[in-house]
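Input: a single structure, listed below in structure tokens.
The values are calculated or read from the model by the stated rules, or taken from the named source; none is laboratory data. Quick caveat, the model's predicted, so the values are computed rather than measured. Methodologically, a virtual Cβ is constructed for each residue, glycine included, from the backbone with ideal geometry; neighbour enumeration extends over all protein chains shown.
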Amino acid sequence: MPKLSRRGLLAASVPAIGGAAAAIHSAVPHTHPWDAEAQAAGGHEHGGGTATAAGHEDGHANFRTGGLVNHAANGFDPHEILRDFDWGTTRRLASGRVVREWELVAVDKEIEVAPGVRFAAWTYNGRIPGPTLRAREGELLRITFVNGSAHPHTIHFHGIHPAAMDGVPGLGAGQIEPGQRTVYEFDAQPAGLHLYHCHVRPLAEHIAKGLYGAFIIDPEGGREDADEMVMVMNGFDTNFDRANEVYAANTIGFAYMDTPIATARDELVRVYLVNVLEYDLINSFHLHGNLFHYFPTGTGTTPSEFTDTVMLCQGQRGILEWRFPHAGRFMFHAHQSEFTELGWQGFFEVA
Ligand SMILES: [Cu+2]
């Protein structure tokens, strides 16, 4: 009986198309960015269908010792993205209503997603994730979208809005061709944590290339003061086999291991957590040494759970709140060990 990778088994459990995908996946060599280095160092063979935990462990070690990503060259840093909330610009209508505006530009850009691994990304405003758009419930939102990419794109927002503003091909302005622009306009509702992403086919590719971001609508009365952070869980298929080689929160694997996130003991921590991961059915967030209150989609005021692990499908998101009673270093990571070892892990440094 042929050996199947974990992904092969997952795909094989899906009927028809999934079975074919599993066969293709097993036939295609499944290499990782660090394989060349590993082999140069006298390491293991890492072929198709044999993506074992041991293989990842070897690769992981090489990945971890392979240096750091050049954030300056990328033009963005996961530590800045973490607490960067883009409130846009505002003005008041005669009626007194606030109009909040942003401009998002689709830009094709090469990003170093792991040390020495360059990925031909598609971005909003040159960064992945795109800007974390933040507004208050009831405002009028106006997002100018300029397509500076060589490919057609849109912005599809989650939330409540008219069909013509949904950012899908064939409705409203539809697909925005290279060099074209459009304006999406709708009310900020409902309060909660949402997201936006391109909705042009092939959808998996347009999302996996980097066209997504978090979209926060604050409730009218606001939320309690907190040390707020946004984490967009994502990954990168660097060898085009429809499986990810790199996993992260905010794009760069291990960034929050290399430099832990500083936060204060007893202070309220609020994480806006969004999953946009493509090619894997689920993603998760696990916190060490603590439990958090979980508010699914951030739309309610009563937590659904007091837990240390949540699991999210693509497009699912939620707000996490907790306080650290103890100083020290506490890990957070996906509780799929494979994702963890391929980059999706970090530390909070509590002082
Ligand atoms: Cu697109």
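Listing for the model above:
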{"quantity": "Neighbours by Cβ (under 8 Å, 6+ apart or cross-chain): first from segment 313-335, within 12 Å of residue 297 (Cα to Cα); second among the small types (Gly, Ala, Ser)", "calculated": "317/214; 317/298; 318/298; 319/298"}
{"quantity": "Residue within segment 248-258 that is of a type in the set (Val, Ile, Thr), within 20 Å of residue 329 (Cβ to Cβ) and surrounded by 17 or more Cβ atoms within 10 Å (Cβ to Cβ) present", "calculated": "yes"}
{"quantity": "Qualifying position, being outside any strand (DSSP E or B), touching a strand residue (DSSP E or B) at 6+ places or on another chain (Cβ under 8 Å) and modelled with pLDDT of 95 or more, among 300, 315", "calculated": "315"}
{"quantity": "Meets criteria (without any contact (Cβ under 8 Å) to a residue 60 or more places away in the chain, within 13 Å of the ligand (Cβ to nearest atom) and more than 24 Å from residue 248 (Cα to Cα)) for residue 145", "calculated": "yes"}
{"quantity": "Listing of strands (runs of 3 or more DSSP E) fully contained in segment 241-297 that carry 2 or more residues being within 14 Å of the chain's Cα centre (by Cα) and on the phi < 0 side of the Ramachandran plot", "calculated": "246-249, 268-275, 282-287"}
{"quantity": "Condition check for residue 123: surrounded by fewer than 19 Cβ atoms within 10 Å (Cβ to Cβ) and either away from the ligand (no atom under 16 Å from the Cβ) or not in a loop (DSSP other than H, G, I, E, B) (or both)", "calculated": "no"}
{"quantity": "Segment 148-182, residues that are aliphatic (A, V, I, L, M) and either touching a residue at least 40 places away in the same chain (Cβ under 8 Å) or within 13 Å of the ligand (Cβ to nearest atom) (or both)", "calculated": "150, 155, 168, 176"}
{"quantity": "Some residue of segment 134-145 being in a loop (DSSP other than H, G, I, E, B), modelled with pLDDT of 95 or more, over 21 Å from residue 214 (Cα atoms) and not hydrophobic (A, V, I, L, M, F, W, C)", "calculated": "no"}
